[in-house]
1. Ignoring ligands, DNA and RNA, what accessible area per residue does segment 539-666 give at 1.4 Å, in Å²?
2. Spin-label point model (7 Å from Cα, Cβ direction): what's the Arg327 to Ser257 distance in nm?
3. Full-extension gain between Asp404 and Lys654, please, as 0.36 nm times their residue separation minus the C-alpha to C-alpha distance.
4. Find, among the trypsin sites (Lys or Arg not before Pro) in segment 418-507, those assigned to loop by DSSP (not H, G, I, E, B) with at most 11 other beta-carbon atoms within 10 angstrom.
5. How much length, in nm to one decimal, is gained on full extension between Ala530 and Met698, taken as 0.36 nm per residue of separation minus their Cα-Cα distance?
6. Accessible area of Ser674, 1.4 Å probe, to the nearest 10 Å²?
7. Provide the per residue accessible area, probe 1.4 Å, for segment 190-302, rounded to a whole number of square angstrom.
8. Based on the Cβ-Cβ distance from Lys623 to Lys413, what FRET efficiency comes out when R0 is 45 Å, to the nearest 0.05?
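The values are calculated or read from the model by the stated rules, or taken from the named source; none is laboratory data. Predicted, not measured: the structure shown is a model, and the values here were computed from it. Cβ placement follows ideal geometry from the backbone for every residue including glycine, while neighbour counts extend to all protein chains displayed. In case anyone asks, the SASA skips ligands and DNA or RNA and just uses the protein heavy atoms, side chains included. Shrake-Rupley method; radii C 1.70, N 1.55, O 1.52, S 1.80 Å.
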Amino acid sequence: GIRKKMSRNNHHQHYHNYNDRIHHQSSYTLNSPASTASTSSTMSSSAVGVDGVKPKRFFGSSSSSSHRRHHYQDSRSPQRQRHHHSGRHSTQSHSVMVDSEDRSGNENLTSSPIPATKSHTRGRSANGALTSPPSSSPLPLHPNPPALSHNVRLFSKHSNNTANVDGPTRKMMLRKGVGPVVKRAIDDLNKAIKARELRIAAITNACDEFDHWDEEKHSIELGLNAANVLSQLLSMTDDDDEIRMICAALEMIYRSSHDSICKSFADIGNTLVPLLLRLLERCETGGVRFADVSIMNITKVLLYFSRVPKLRVMLTRQQGMIDAIVRISFSILNPDCRIFRMKVLANLANAEDNRLPLYEHHGLIDSILKVANLDLCDSVREYAATVLMELASLSAIQVPMTNDDRLLSTLVKLMASDDTFETREYATTALQNLAYAKDNRIRLTSYNDGAVLEGLKKTMTKDKNEKARLRAAGALMNLACDDTAERMGVHDGLLVALADVSTSDNSNDVQKRATLALTKMAGSISSQMACYIILLDALVKAASSENGASLAAVFRAKAKLPENRYAMAQYPGVLECLANIISSNSYSYKDRENAMRSIVHLSNANANRRLMTNRIVLDMLVKSASITKVEEASIRDSAITALQRIATDIPNRKIMARHDGLIVAIAKATERESKIERPRSHSSKDQAQKHLAKPLLMSLLLEL
């Protein structure tokens, strides 16, 4: 808390010492092997989110190994890093679009549309006023500094008076005990506005005071209008060294809470942001000393603004904001600067009202695709995939995005071959979002001879990232419909892959999603299609898993159609699979009933009855016909019906009569029928159902 007092005579000595520290900064080379090792925090995940929820996240600043304390870029010690708000482990959403089953957890396979997004007027400030275009000329040094804004309050160096400070700031000042020290630093900055020779020393001392990671202290600094003073100083100088130091100080004080940043942005945002954007362009065009340092700190300030959800739409509407992001694809920037700039874009794209303006801005999609395909930095590609994922969640642009061949090829490339887990996950989620739109499904399944289907299959079966596998299965579930079922069914190995994943994946959620995708495809594949036999094989395999019981409903729906019955009964394993579901107590009553009704439907075909006299099927029917529970009477009656229909073929009766326990089960059913009263109100159909056992018993006894 003790501040060095420097006389006017030693200002220049301090200035040269400060420059000596700055000149030790690391040099950066675009896309060099050494530079691509920049650090970036990993993401946790909308959209969609995705198992029915919209996982939320935002991107904050992260440290870089090339930063040093005296550069005033990211001067965190390991202890201070614990107070830093890293962006990827927070509660912000990206959108993932799935069918309603994905949202509610049930098995309803219908889709609900996404509500239309309201557009906004581009190029307007937060209050709707048009923003002025940025100037391309360098910032002039004002010979006569403008009068101080009414928001800039002057404080006496030795005064402890806090009467002109708002309540929350005053409380934090009293709790932290830092008010007088901070006020003295801001007081020196105020004096430096009119006395240029004091600026270097005042800004240097302010940087020393502001360089910490205490969020409350930064809130105090913003509450005392430090940003207002620094913004005015920045608008008055054309000196590269002063610009670098002021930008560093701004980056420090905006390491604050969201509420404090919101208040500061409302106060000076419409003035500060255009100023920073013009400086950013000036630094990128060359001729500015310490350009990398200034670019880094300006980008971080924009990043801190973009982390606040309330500010994202207003920040996007600032003239030159999106243009600054577009330049990432051709400006010579070090890896950290590219990472932070893509983080800003990812945060802006997370706001639904920003997605349409971002997509329609000239050159932005081209810039994102170029970065996603060519950038050597893993984190830059990761955030590029994140932006595409966010944009793909907006229903208004899903069709034009899908019609862009470059965009689809980029997503497939990132999904199938990128080295980063998160990048593959976000690219897969983007495809899942695009597949949500019904108008996109034919296009996605037919693109480049099934390249999307092949990429999804590979991701679902081989990716080590569980979320990526889940998104791939969800995308296939979204794609499955009557118009695409045959194309998907004939794709090499897709049905088999779904069956394998539904039984053997390490994640139960992935198994369920693959089973649902297979179920939707099976509902649209008919016996006339070339993939019908492959489907039966996949259904038999998938039904053996603990999540495959729901496939009994698929078998029942298929067996209802007479043209399907022979192929189903003839295919090895179908009858045995149904018998296993009915006999097992681990399946629900509804699943067992569906399987039994499938057996009844199959027994209606004359060609199938001989096949159904095998031991496994007859054992199941005998066990079911002996059920005594009233609540399972439907399964018991269906078993007797199936036995009666199988026995209509005379050669089958001898096999049935000699099967262990069959005649005893039918005899008990006959006795049970005789004890039931038959009121006259019963229909003839009910009467026929209750008299099935006795004729069946007589026919079997005759065979003995």
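1. 41
2. 3.5
3. Once the chain is fully extended between Asp404 and Lys654, it gains 83.3 nm.
4. In loop regions of segment 418-507 (DSSP not H, G, I, E or B), the sparsely surrounded trypsin sites (Lys or Arg not before Pro) are Lys464.
5. Gain on stretching Ala530 to Met698: 56.0 nm.
6. 80
7. Accessible surface, normalised per residue, equals 25 Å².
8. 0.25
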